[in-house]
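Encoded as structure tokens, the structure appears first; notes follow it.
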Amino acid sequence: MACHATEAENALHSEHMKWDGKWQQVNTYCTSPAPAEYACLSCHASTGKVTNQTVNDVDCLVCHNDTYQRSLQPLDIPVTVTDWQGNTKTYMTPRKNAEGNYTMQPRFDLMPPGTTMVQLAQNVHLPTRETCLRCHAKAGGGDGVKRGDISTANINPALTSDVHMSPQGGNFTCQTCHVTTDHQIPGKGIDLRVSEGGAVKSCADCHSPKPHDSNSLNTHTDRVACQSCHIPTFAKDVATEMSRDWTHPVWNPSGCSGQGAWVGEEIKASNVVPQYTFWNGTSFVYDLAQPISPQPDGSYAMAAANGDINSTGSKLYPIKLHQAVQPRHAASGRMVQYDVLWNFMTGKYEEAAARGVAYMNLSGSYSWVRTTAEQLISHGVEPADNALECANCHEEGTQMDLQALGYTLKGPESTVCTQCHNTKPMKPFIDLHNKHVTDKRYDCVWCHTFTRPERGLKLP
């Protein structure tokens with residue numbers, strides 16, 4: 001800090017240091033960070049403190065030396081519990097220091113023999129893919145679990161896994177697109193509340209806004225994000241979690257720093273075909289202070305994209321839809337700050353929920369509800385030859401549900417077509433569409449229930 005005072009001050013106020021806003025948020029993975037206390041500290045770029053941080057609490061080596069390993073120490077506070085199967089177990093938990101904070105300490109036993117702090121400091125470097133992925137790849141409790149399009153495979157991905165990050169392709173670092181200024185790292189997904197440092201680079205910053213040789217394909221770029229066609233599947237190298245149910249505890253020997261943990265039942269999948277949604281760049285992210293009402297299907301949205309087929313600025317994006325079973329407080333209508341750490345140690349999900357209610361200074365009953373979160377898929381672009389073709393969506397119908405997205409006719413084909421024609425044999429979809437849109441320049445509203453918000457009824 002004596003030599004890098006400005007950088008330390010910038011890092012102190014960064015999202016990676018403070019995680020502002022996260023404490024009033026509940027996700028569909030490990031739920032709320034607050035009751036778990038120390039369990040969510042491992043990815044802070046701090047020395048362990050969460051409040052009253054100063055520049056001396058910035059742990060620069062987390063991002064500037066891939067050899068460096070650390071953990072909360074010392075683990076010398078025993079907690080003895082009886083789990084849901086009647087087994088007694090003692091967990092060793094970290095001790096707080098004199099200031100009431102936890103402390104990160106170097107783990108020389110996890111680093112090459114003979115490593116010293118001086119050596120680590122003398123070999124700092126700019127963040128690599130491996131640097132970023134030490135936290136981002138393992139969010140949610142394991143490799144590839146949370147994001148679906150990010151795993152440790154991205155450290156050295158094959159060309160078909162990610163054409164941008166692959167050494168055989170662009171060999172991008174994360175900062176190539178997440179251009180960093182003063183330790184502010186941009187990048188915001190549908191389910192992420194805080195954004196800093198401006199906007200992440202878009203495809204159009206490197207590619208033409210109309211990059212295709214085909215005019216028909218180029219007409220899609222106003223309303224369809226590049227990712228929708230160029231990321232046909234996600235979780236290509238490592239399976240990702242699609243749902244989690246805390247009411248079905250499953251033993252995970254690697255949980256709680258290798259001491260073992262009861263986790264919610266996970267359903268994982270590989271080579272997942274995305275779901276799709278229109279997104280205008282803003283999102284709904286549930287705030288714990290507010291009551292929440294069910295969606296039409298009875299589930300509760302923790303994160304959802306804003307925008308639809310008719311809204312200006314919305315484009316069609318691929319998403320991972322994650323689902324969970326979580327507690328909701330009856331009287332207040334608020335989601336519960338679930339005590340996930342108690343669940344890990346005991347598997348007693350009802351007790352973990354009740355402890356969460358008490359943590360919120362509430363009382364009374366709660367119920368278990370199904371929750372959802374929409375998560376943007378942006379990594380994993382494949383070579384151009386692997387992009388979706390027209391028939392994947394328009395004729396075979398296996399890639400996306402166009403009707404659910406709003407691409408519906410105004411009425412039966414017989415009615416829609418006869419508003420302009422006598423009865424005619426139907427041509428294949430693409431020929432029919434090109435005749436009306438490419439040749440005659442008709443807008444969507446001639447046949448469909450939606451319009452193009454950027455244009456009038458007749459295309460230019």
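Yes/no per residue for (1) farther than 30 Å from His433 by Cβ; (2) out of contact with any strand residue (DSSP E or B) (no Cβ under 9 Å at 6 or more places or on another chain):
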site	(1), (2)
Thr128	yes, yes
Arg134	yes, yes
Ala153	yes, yes
Leu159	yes, yes
Met165	yes, yes
Thr173	yes, yes
Gly189	yes, no
Asn218	no, yes
Ala225	no, no
* Asked: Counting only residues that are touching a Gly at 6+ places or on another chain (Cβ under 6 Å) and hydrophobic (A, V, I, L, M, F, W, C), which one in segment 190-218 is modelled with the lowest pLDDT?
  -> Val194
* With Val81, Val50 as the choices, which residue is modelled with pLDDT of 95 or more and of a type in the set (A, V, I, L, M)? -> Val81
* Residues of segment 21-47 satisfying the condition of being more than 17 Å from the chain's Cα centre (by Cα), part of a loop (DSSP other than H, G, I, E, B) and either buried (at least 19 other Cβ atoms within 10 Å of the Cβ) or modelled with pLDDT of 80 or more (or both) -> Leu41, His44, Ala45, Thr47
* Asked: at negative phi, surrounded by fewer than 16 Cβ atoms within 10 Å (Cβ to Cβ) and in contact with a helix residue (DSSP H, G or I) (Cβ under 6 Å, 6 or more places away or on another chain) - does that describe any residue in segment 241-260?
  -> yes
* To do: Name the single residue, out of those in segment 65-84 being in contact with a Leu (Cβ under 9 Å, 6 or more places away or on another chain) and free of Cβ contacts under 8 Å to residues at least 40 places away in the same chain, that is nearest to Asn252 (Cα to Cα).
  => Leu72
* **Residue count, segment 102-153 (criterion: farther than 21 Å from Gly255 by Cα, surrounded by fewer than 18 Cβ atoms within 10 Å (Cβ to Cβ) and among the charged types (D, E, K, R))** => 1
* Structure fact -> Of those in segment 285-294 that are more than 14 Å from the chain's Cα centre (by Cα) and at pLDDT below 95, the residue surrounded by the most Cβ atoms within 10 Å (Cβ to Cβ) is Tyr286
* To do: Would you mind stating whether Tyr317 is among the hydroxyl-bearing types (Ser, Thr, Tyr) and over 30 Å from Gln85 (Cβ atoms)?
  => yes
* Residues (assigned to a loop (DSSP other than H, G, I, E, B) and among the aliphatic types (A, V, I, L, M)) located in segment 286-306 -> Leu288, Ala289, Ile292
* Output the qualifying pairs, or none if there are none: Cβ atoms under 6 angstrom, residues six or more apart or on different chains, first residue in segment 201-217 and in the same structural domain as Gln175 (by TED's automatic domain parsing), second residue of a type in the set (S, T, N, Q) and in a helix (DSSP H, G or I). => Lys210/Asn218; His212/Asn218
* Structure fact -> The correct count of residues that are surrounded by fewer than 14 Cβ atoms within 10 Å (Cβ to Cβ), over 30 Å from Val163 (Cβ atoms) and β-branched (Val, Ile, Thr) in segment 384-421 is 2
* **Only listed residue being of a type in the set (A, V, I, L, M, F, W, C), in contact with a strand residue (DSSP E or B) (Cβ under 6 Å, 6 or more places away or on another chain) and either in contact (Cβ under 8 Å) with a residue 60 or more places away in the chain or on the phi < 0 side of the Ramachandran plot (or both), chosen from Val26, Val50** => Val26
* Give the residue, chosen from Ser378, Ser367, Ser314, that is polar (S, T, N, Q) and either surrounded by fewer than 17 Cβ atoms within 10 Å (Cβ to Cβ) or assigned by TED's automatic domain parsing to the domain that holds Thr449 (or both). => Ser367
* Among the residues listed as Thr372, Thr398, the single one being outside the structural domain of Val285 (by TED's automatic domain parsing) and either in contact (Cβ under 8 Å) with a residue 60 or more places away in the chain or within 27 Å of the chain's Cα centre (by Cα) (or both) -> Thr398
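Consider Gln184 carefully, then state whether it is more than 25 Å from Ala269 (Cβ to Cβ) and not charged (D, E, K, R).
Details: more than 25 Å from Ala269 (Cβ to Cβ): yes; not charged (D, E, K, R): yes.
Criteria met by Gln184.
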* Does at least one position in segment 219-228 carry a residue that is in contact with an Asp or Glu (Cβ under 8 Å, 6 or more places away or on another chain) and in the same structural domain as His136 (by TED's automatic domain parsing)? -> yes
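The values are calculated or read from the model by the stated rules, or taken from the named source; none is laboratory data. Please read all numbers here as calculations on a predicted model, not as lab measurements. Cβ atoms come from the backbone with ideal geometry, glycine included; neighbour counts cover every protein chain shown.
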